[in-house]
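Reading through the structure tokens given below for one structure.
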Ligand SMILES: [Fe+2]
Ligand SMILES: [Fe+2]
């Protein structure tokens, strides 16, 4: 059986078969990580200090709370830019395409977050509120401001920071699957399967999420070279 791709849903990237997912995970593991910029390196260090080096559902959930905010910041800046430039419809159209892309990526991260939340619920463990709910919101708020500021000053800087973040996420998910063979024994047919896709196992689900992160990284790297509009 392969991952379902019979429904096309907003915010979802290409769905891969079991074989493709395993190949893409291997490709990630064989690819060296990007050299993270100081801001990204600081964030990863902070996450290890707060949540431990071990890859867990709870730590990934924190990662996904933060992952959405650069897209929200870019959407906001681009939307304001449309307001300023709508007298030039062709140009405004190009900016709006950027708005739509940010929304799509933001939605994709949202599914990742909701799936992790669902898996943590199933485990029935309650994580400490301050460390796992409040602090991630504070980090996400600061990360939003940084992404926004970098984007306004020089969009390529903001895209680069996000590429570092997505590269980190891609590798972390691939390692998580490699380190936890039991994920290949657990079926996934959760609350969000209709929208995000159905996967035979949690291993394939996380391989798909890791693949999404790679797509996000590649889109950010591509956007670094795109002409600016702000
Ligand atoms: Fe994600
Ligand atoms: Fe991502």
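Out of the residues in the stretch 91-106 that are within 13 Å of ligand 2 (Cβ to nearest atom) and buried (at least 18 other Cβ atoms within 10 Å of the Cβ), state the one that is modelled with the lowest pLDDT. The residue in question is 102. The criterion of at least 2 residues that are farther than 20 Å from residue 113 by Cβ and either in contact with a helix residue (DSSP H, G or I) (Cβ under 6 Å, 6 or more places away or on another chain) or at pLDDT 95 or above (or both) is met, among helices (runs of 4 or more DSSP H) falling completely within the stretch 7-90, by 18-30, 38-51, 69-85. Residue 131 meets each of the listed conditions (1) surrounded by fewer than 18 Cβ atoms within 10 Å (Cβ to Cβ); (2) closer than 27 Å to residue 32 by Cα; (3) in contact (Cβ under 8 Å) with a residue 60 or more places away in the chain apart from (2). Could you go through the stretch 205-228 and let me know if any residue there is away from ligand 2 (no atom under 14 Å from the Cβ) and under 13 Å from residue 166 (Cβ atoms). Yes; the residues of the stretch 205-228 include at least one that is away from ligand 2 (no atom under 14 Å from the Cβ) and under 13 Å from residue 166 (Cβ atoms). Counting only residues that are in contact (Cβ under 8 Å) with a residue 24 or more places away in the chain, away from ligand 1 (no atom under 16 Å from the Cβ) and under 26 Å from residue 194 (Cα atoms), the stretch 76-121 holds 1 of them.
The values are calculated or read from the model by the stated rules, or taken from the named source; none is laboratory data. Every value quoted in this text rests on a predicted model; they were computed, and no experiment measured them. Every residue, glycine as well, gets a Cβ built from its backbone with ideal geometry; the counts of neighbours run over all protein chains shown.
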